[in-house]
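Peer 1: Quick one: structure below, then a few questions.
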Amino acid sequence: MEMSIAAGRLVIACHECDLLHRIHPLRDGERATCSRCGAGLWAKKRDSFEHTILLTVTSLILFVLANVFPFMTFELHGRVQTSHLSTGVVEFFDRGMWELGLLVLAASILFPALKILGMLYVLVPLEMNRRPWKAAPVFRMVAQCQTWAMMDVYLLGVIVAVIKLADLATLVPGVAIYSFGALILTLAAADSTLDPHAVWEKMEDLP
Ligand SMILES: [Zn+2]
């Protein structure tokens, strides 16, 4: 769906039949439908800012827990080894496999951090009716990175490794692995409560 704002009114093209509509800004919970084919143009989500900020702050707390606490404890022949979320990255770099190290670093740490911080950077000031510096490019970046899609692949890899190791060593999941799993869910939920149209609209309204 293409949209732009002209003279305080939204111009939206129907994604089904391409008919252009000029609509007034919607109230929470209101829906706009195409006058030709009846397809939904835009349904404004209720309390989208509050819900998204709350879920993102929760994600930030889970992200910190996932990075600070042990991810997994291995016990093999009486030797106990504790690993953290960053351990895998360090191992790859130590063995010269820097491409894999970078990939894991991006999927498990960098992208989630960028997403969480970018989201808060844009949404919190907007909620207080202030427009943050460079809000548009930051929000475009945030809206484009579907981080949880990469994070669940990472978690799946960990689970497969754990199943393979389970016969050899005693494994105890740490606080971080649960936090990481919950983080995937809260980020996905934040994506679904986020109403990008409402964010663009609010950015345009503020000086
Ligand atoms: Zn239509």
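Peer 1: Going by what's in this entry, would S35 be described as over 30 Å from E127 (Cβ atoms), of a type in the set (S, T, N, Q) and modelled with pLDDT of 90 or more? Break it down stepwise before answering.
Peer 2: Details: over 30 Å from E127 (Cβ atoms): yes; of a type in the set (S, T, N, Q): yes; modelled with pLDDT of 90 or more: yes.
When the stated conditions are applied, S35 passes them.
Peer 1: Starting from residues that are farther than 19 Å from L194 by Cβ and not hydrophobic (A, V, I, L, M, F, W, C), keep the ones in region 10-31 and report whichever is nearest to the ligand (Cβ to nearest atom).
Peer 2: The selected residue is E16.
Yes/no per residue for (1) exposed (fewer than 14 other Cβ atoms within 10 Å of the Cβ); (2) at pLDDT below 90; (3) more than 25 Å from T186 (Cα to Cα); (4) within 17 Å of the chain's Cα centre (by Cα):
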site: P70; (1), (2), (3), (4): no, no, no, no
site: V104; (1), (2), (3), (4): no, yes, no, yes
site: M119; (1), (2), (3), (4): no, no, no, yes
site: L156; (1), (2), (3), (4): yes, yes, no, no
site: A166; (1), (2), (3), (4): yes, yes, yes, no
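Peer 1: State yes or no: is L54 within 21 Å of the chain's Cα centre (by Cα) and touching a residue at least 60 places away in the same chain (Cβ under 8 Å)?
Peer 2: no
Peer 1: Test R130 against the criterion of being basic (K, R), in the same structural domain as G78 (by TED's automatic domain parsing) and in contact (Cβ under 8 Å) with a residue 40 or more places away in the chain, and give yes or no.
Peer 2: Values: basic (K, R): yes; in the same structural domain as G78 (by TED's automatic domain parsing): yes; in contact (Cβ under 8 Å) with a residue 40 or more places away in the chain: yes.
Yes, satisfied.
Peer 1: Could you please tell me which pairs satisfy a Cβ distance under 6 Å, a separation of 6+ or placement on different chains, a first residue in region 11-22 that is free of Cβ contacts under 8 Å to residues at least 24 places away in the same chain and at negative phi, and a second residue that is assigned to a loop (DSSP other than H, G, I, E, B) and more than 8 Å from the ligand (Cβ to nearest atom)?
Peer 2: Close Cβ pairs satisfying both conditions: A13/E2.
Peer 1: On the basis of being assigned by TED's automatic domain parsing to the domain that holds I116 and touching an Asp or Glu at 6+ places or on another chain (Cβ under 9 Å), does L185 make the cut? Let's see the steps before the verdict.
Peer 2: On the way: assigned by TED's automatic domain parsing to the domain that holds I116: yes; touching an Asp or Glu at 6+ places or on another chain (Cβ under 9 Å): no.
For L185, the condition - assigned by TED's automatic domain parsing to the domain that holds I116 and touching an Asp or Glu at 6+ places or on another chain (Cβ under 9 Å) - is not met.
Peer 1: Considering only residues that are within 16 Å of the ligand (Cβ to nearest atom) and in contact with a Gly (Cβ under 6 Å, 6 or more places away or on another chain), which ones fall in region 32-60? Give the derivation first.
Peer 2: Let us first name the residues in region 32-60 that are within 16 Å of the ligand (Cβ to nearest atom), namely 32-43.
Residue satisfying the conditions is T33 alone.
Peer 1: Go through the residues of region 172-186 one by one and say whether even a single one is surrounded by fewer than 16 Cβ atoms within 10 Å (Cβ to Cβ), touching a residue at least 60 places away in the same chain (Cβ under 8 Å) and not in a helix (DSSP H, G or I).
Peer 2: yes
Peer 1: Could I ask something else about it? Looking at region 151-168, I want the residues that are assigned by TED's automatic domain parsing to the domain that holds M72 and have a partner that is part of a helix (DSSP H, G or I) and not aliphatic (A, V, I, L, M) with Cβ atoms under 7 Å, at least 6 apart or on another chain. Which pairs are those?
Peer 2: Partner pairs satisfying both residue conditions: M151/S108; M151/P112; Y154/S108; L155/F180; L155/G181.
The values are calculated or read from the model by the stated rules, or taken from the named source; none is laboratory data. The structure presented is a predicted model; accordingly, all values stated were derived computationally and were not measured. With ideal geometry, Cβ positions are generated from the backbone for all residues, glycine too; neighbour counts draw on all protein chains shown.
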